[in-house]
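Just so you know, all these numbers are worked out from the coordinates, no wet-lab data involved. These numbers were taken from a predicted model, which means no experiment stands behind them. All Cβ positions, glycine included, derive from the backbone under ideal geometry; neighbour counts span all protein chains shown.
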């Protein structure tokens, strides 16, 4: 996230078995007995499926009860998915007003977003962190929640004047909005009602049709392959790719918009739906080149459909050997909500395998394991999964392809990671050498947050040395290491790693929005030194790389543990005509210094310009 709990106070000064609840009686959703089965497999106890025949009051009560549990459960282990069968929910007189907390997924079960229609609101508000939840109200820690595949007619009946002014989605990293159709009111990506406005630090929207949208205090945001009726406000870097109605970027950095007419490579996230016969299916969208706008405007999203019976539906208690045996048989994998302890790798060896997590299903490394290992095969899709480091150091948390393999993915059918998130620390001590390693060619990373935790519940944070203890104990050297050629990242968020946060060694790579915050906690400059160089760049392109492109990148510094520390460059790239950086910046969040934006070029982001970015429109300079 952008700032520690201390720095987040700057925001105060800102002026801008799956329980299928298919009941048709008056029984509450939470009390519906016995999960139905699909084929021979139960879907587990942490997913609730709503039917439009259920009273709005019962749906509201079920969602409110979970929100009360999850609104402050930032480092908890509970995971939930709430799915809506096709039909209408809520009315103008009795709108359904959903508030979304941690580790909660809200999704429609239609083949198209217009099949599920909600009248009401679906919102995330600022979270108040002090004085028993009444002060220090911010959105900077509003992580790990998902909203997708439905239509929302905004209706604020019963809410006060401020709350009735928009649908609020005040979030930060590891949060996605996909396949949405929103009308009837505006969308605000900040909460200006709860002691606001305050800083937020998201985020990601894809494949959505949106009303007029207020970005407000969001420090960075990526909107991809969507339609917007209008967009206002920006803080640092706001990026649009393939968006109908996107703002022009001709006057960058005032405002700091970066706009691509099309997205060079995209693939929408797989989604669960119910067909006309009531059968559960998974739609797997096809990859697109040079695309623009929504995928569902002219009918069902192009791609293939896989019946749920072709998935192994896993629960957290399942041994990895059982999961691997099912994958070896040719099954796809559906991870139901929960935390999975993984002491040996889940191995995805077959081409075109889909691994789909519901409700932020989380894989935690045990005994130094690599929780998820994907072979050098084309078309694998991993979506909706969080991967955590464990107490013993792992070499890597998710590996795509072998380091010296043949790189067998294909341009038309890239292996794809969608909404895949990483944590090193936070809920517990974590250690890894690398979080995400991509060795295969032709891989698409479509929204990831790779996070070495800057706060959490680890016992060592209470030691006398504070963040010095964290530096020695909560260890992660590299966030994302990209060795394959022709790798594309749309929405690459990487933070707080102890050497290079991102190392890009493959040729012909493309990144569309990069966000990085350097680690808060190096104790001394000697701890934050790369040979003779002060510090490690937040984004490093390998010295031998001939062609690379970055659109919209930011590196932030907040050396909370030692404000005298310097980092020589935010970005470090080889000086070749084929390596191009477009719209990049560095910024000081109140401690430490980045001496230059890239390769010795650009002014220092130091204490003389706290909160004021240093921008470069192009590198190499024109």
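Among 478, 514, 192, 67, sorting on how many other beta-carbon atoms sit within 10 Å of each Cβ, with the fewest leading, yields 67, 192, 478, 514. Overall, the anisotropy analysis places region 519-598 in the oblate class: the square-rooted eigenvalues a ≥ b ≥ c of its C-alpha gyration tensor yield a/c not less than 1.5, with a/b not exceeding b/c.
Put in line by how crowded their Cβ is, counting other Cβ atoms within 10 Å and starting with the fewest, 327, 518 read 327, 518. Of interest is the spacing of the C-alpha centroids, which for region 414-437 and region 56-99 amounts to 28 Å. Per-residue ellipticity at 222 nm from helix content only, as computed over the chain with -39500 (n - 2.57) for each DSSP H run of at least four residues, stands at -1500 deg cm²/dmol. When peptides 435-444, 570-579, 79-88 are sorted by average Cβ neighbour count within 10 Å, with the highest value leading, the order is 435-444, 79-88, 570-579. Against the set [x] 35, 28, 24; [y] 49, 35, 23; [z] 65, 24, 21, the structure's computed semi-axes √(5λ) of the Cα gyration tensor in Å falls on [x].
One Cα centroid belongs to region 359-382, the other to region 137-153; the line between them spans 25 Å.
Taken as Cα centroids, region 576-605 and region 514-550 sit 11 Å apart, rounded to the nearest whole angstrom. Extension gain, residue 248 to residue 91, is 52.8 nm, computed as 0.36 nm per intervening residue step minus the present C-alpha separation.
If the segment from residue 69 to residue 300 were pulled out straight at 0.36 nm per residue, it would be longer than the present Cα-Cα gap by 79.6 nm.
Ranked by the mean number of other Cβ atoms within 10 Å of their residues, highest first, the peptides 172-183, 150-161 come out as 172-183, 150-161.
Rounded to 0.05, the FRET efficiency of the residue 343 and residue 290 pair, given R0 = 30 Å and the Cβ-Cβ distance, is 0.10.
Backbone N atoms of region 54-97 closer than 19 Å to the 7 Å Cα→Cβ label point of residue 132 belong to residues 68-69, 71-73. Ordering 269, 540, 349 from the fewest to the most neighbouring beta carbons within 10 Å gives 349, 540, 269. When peptides 55-62, 237-244 are ranked by their average number of other Cβ atoms within 10 Å per residue, the highest-first order is 237-244, 55-62.
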